[in-house]
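Reviewing the structure listed below.
The values are calculated or read from the model by the stated rules, or taken from the named source; none is laboratory data. Since this is a predicted model, take the numbers as computed values, not measurements. Here the Cβ positions follow ideal geometry from the backbone for every residue, glycine too, while neighbour counts run over all protein chains shown.
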Amino acid sequence: MNVVTTISELKIAVAEARKSKKQIGLVPTMGALHEGHLSLVDKACKECAFVVVSIFVNPTQFNNPEDLRTYPRTLEADKNLLEKSTQAYIIFAPTVEEIYPEPDTRVFEFGAIAEVMEGKYRPGHFNGVAQIVSKLFMFVEPDKAYFGEKDFQQLAIIRKMTADLKMPIEIVACPIVREHDGLAKSSRNTLLTADSRKVAPQIYAALKGSKQIMSDRTPKEVAQWVIGQLNSTQGLEVEYYDIVDGNTLQTITNWSDTDYAVGCITVYAGKVRLIDNITYKA
């Protein structure tokens, strides 16, 4: 498997693939790879003849310096995992200086979908996401780009950015991959203490349980039930839980407000911030 660290090397490799008229896929990651990432890469390899997996911890999407400092960086392990588990053709693992030789001053406007949930609690986060993803799209010019549905709001942001910039790229959403006990696979799971890891599966358990009570409760009542269940669990603290229209990401009042209802949650398990979601209607 080829590993490149510069934009020029990346563009040369992609140009060679394009000469052969190969369909090009891109899987952007921040490393600390797990089975969830591998599912994206596997899907990309099935659908595209040439696949780029980027591994880059993007500083511009972190609004908390401590979060950036402690984010797991496991490049050698990531390379080994990809070599053993997938058929990815190239890894792009640049330095911060390679991506941002000068500060990126671009400001993206996404409207209401960026002002709620993660956008509310992590100001500037989605602007940073758009900065790095747009750069990767320009470097690679993929036919398809693959993202996980765990980051539900991010997926909506990237779709809007791609449409706004009129980039001819298909955004492919891939299902959440979970541990045997229901915890959504996440690079941050490696930061959980033993005690936090024991209680973290209660997040998905509460989400699943809420689907059993939705028939006779409003979305607000269901959200309050989920929050109550989790906040009563020692070691867990809900930052937000919103049940939203899956297209607009705006909170719904009644189940009849939309045909696509999704619950999006962020929970602190100890000091580790975990996100998850569940679909109520689709």
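Points to keep in mind about this one:
- The C-beta contact set for segment 238-267 (first residue on the phi > 0 side of the Ramachandran plot and not assigned by TED's automatic domain parsing to the domain that holds GLU115, second residue among the β-branched types (Val, Ile, Thr) and not in a loop (DSSP other than H, G, I, E, B), distance under 8 angstrom, 6+ apart or interchain) comprises LEU249/ILE113.
- Output for segment 144-168, where each listed residue is hydroxyl-bearing (Ser, Thr, Tyr) and either free of Cβ contacts under 8 Å to residues at least 60 places away in the same chain or surrounded by fewer than 20 Cβ atoms within 10 Å (Cβ to Cβ) (or both): THR162
- Within segment 242-272, the set of residues being of a type in the set (Ser, Thr, Tyr), closer than 17 Å to GLU149 by Cβ and crowded, with 17+ Cβ neighbours inside 10 Å comprises THR266 only.
- Only one of ALA32, ALA13, ALA88, ALA17 that is farther than 30 Å from ALA114 by Cα and not in a helix (DSSP H, G or I): ALA88
- Test: residue in segment 46-56 that is out of contact with any Pro (no Cβ under 7 Å at 6 or more places or on another chain), of a type in the set (Lys, Arg) and in contact (Cβ under 8 Å) with a residue 24 or more places away in the chain: no
- Residue that is farthest from VAL14 (Cα to Cα), among those in segment 53-70 that are at pLDDT below 95 and in a loop (DSSP other than H, G, I, E, B): ASN64
- Flag for TYR260 being among the aromatic types (Phe, Trp, Tyr) and within 19 Å of the chain's Cα centre (by Cα): no
- Some residue of segment 20-40 being in contact with a helix residue (DSSP H, G or I) (Cβ under 9 Å, 6 or more places away or on another chain), of a type in the set (Asp, Glu), within 22 Å of SER187 (Cβ to Cβ) and free of Cβ contacts under 8 Å to residues at least 60 places away in the same chain: no
- For segment 199-219, the criterion of a residue being under 24 Å from ALA112 (Cα atoms) and modelled with pLDDT of 95 or more is satisfied by at least one position.
- Residues that are in contact with a strand residue (DSSP E or B) (Cβ under 7 Å, 6 or more places away or on another chain), farther than 22 Å from GLY228 by Cβ and hydrophobic (A, V, I, L, M, F, W, C), drawn from segment 240-279: none
- Failed condition for HIS180, given (1) touching a helix residue (DSSP H, G or I) at 6+ places or on another chain (Cβ under 8 Å); (2) loosely packed, with under 14 Cβ neighbours inside 10 Å: (1)
- Sole residue being surrounded by fewer than 17 Cβ atoms within 10 Å (Cβ to Cβ), touching a residue at least 12 places away in the same chain (Cβ under 8 Å) and under 30 Å from ILE91 (Cα atoms), chosen from THR218, THR190: THR190
- A single member of GLU102, GLU141 is touching a residue at least 60 places away in the same chain (Cβ under 8 Å), surrounded by fewer than 19 Cβ atoms within 10 Å (Cβ to Cβ) and either over 16 Å from THR266 (Cβ atoms) or hydrophobic (A, V, I, L, M, F, W, C) (or both), and it is GLU141.
- Residue match in segment 108-121 (condition: more than 21 Å from ALA173 (Cβ to Cβ), touching a residue at least 12 places away in the same chain (Cβ under 8 Å) and assigned to a loop (DSSP other than H, G, I, E, B)): no
- Output for segment 155-187, where each listed residue is in a helix (DSSP H, G or I) and in contact with a Gly (Cβ under 9 Å, 6 or more places away or on another chain): LEU155, ALA156, ILE157, LYS160, SER187
- Residue check, ASP195 of a type outside the set (S, T, N, Q), exposed (fewer than 14 other Cβ atoms within 10 Å of the Cβ) and over 19 Å from TYR268 (Cα atoms): no
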